[in-house]
1. Under a crude label model (7 Å from the Cα following the beta-carbon direction), how far is Thr29 from Tyr42 in nanometres?
2. What percentage of the solvent-accessible surface of the chain, computed with a 1.4 Å probe over protein heavy atoms, is contributed by carbon and sulfur atoms?
3. What is the helix-to-structure angle for 12-25, meaning the angle in degrees between its Cα long axis and the longest Cα principal axis of the chain, kept from 0 to 90 and rounded to the nearest 10?
4. Considering amide H positions built from the backbone, and no H for Pro or chain starts, which residues 5 or more places from Ile66, or on another chain, come under 5 Å of its amide H?
5. Lysines near Lys47 by alpha-carbon distance under 23 Å, same-chain residues fewer than 8 away left out - which ones?
6. So what is the accessible area of the chain per residue, in Å², with the probe set to 1.4 Å?
7. Between Gln16 and Tyr69, what length comes free when the chain is fully extended (0.36 nm per residue of separation minus the Cα-Cα distance, one decimal in nm)?
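The values are calculated or read from the model by the stated rules, or taken from the named source; none is laboratory data. In this text the structure is predicted, and so the values were computed from the model without any measurement. Heads up, the Cβs are rebuilt from the backbone with ideal geometry, glycines too, and the neighbour counts pull from every protein chain shown. Each accessible area value is taken on the protein alone, full model and side chains, heavy atoms only, with ligands, DNA and RNA left out. Shrake-Rupley method; radii C 1.70, N 1.55, O 1.52, S 1.80 Å.
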Amino acid sequence: MHKSIMKKLETTLEIQQWLNEVHTAFNTTLHQCKYAVGTGNYADGTKGYALEVQNSEGVAIAVTPIGKYLFDKFRAEGTSMFEA
C-alpha cells in the first residue's frame, strides 16, 4: 500500500518525523529502504518536488511533496542529512 500526505515538508525536522511515521507504518528502517527525489509539473504549470520511499524490492511505499530546499539538500547529502 502507498502512503501519502498533502502537506509539503519544508524542514529537516518535518522530513525526519514523516520518515519515522513511514518506517513505523511499514516496519522498516532508514537503511532498509531506498529514497528518490524528483520534480514534476502540476496541471497549473507550476513545478513541484517530491520524496519517494521505496522498499528493498524498489516498490514505492510512500511519497510526499517537499520544498526546493529539501530537494536540493537531499540530492546533495542523501540520508546522511539526518545524521548528527
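1. 3.8
2. Values: 2780 of 5290 Å².
Summing carbon and sulfur atoms, their accessible area is 53 percent of the total for the chain.
3. 50
4. Amide H neighbours of Ile66: Leu9, Tyr49, Ala50, Leu51.
5. Candidates past the 8-residue exclusion: Lys3, Lys7, Lys8, Lys68, Lys73.
6. Numbers: 5290 Å² over 84 residues.
Value for the chain: 63 Å² per residue.
7. Numbers: separation 53, 0.36 × 53 = 19.08 nm, distance 1.46 nm.
Stretched out fully, the Gln16 to Tyr69 stretch lengthens by 17.6 nm.
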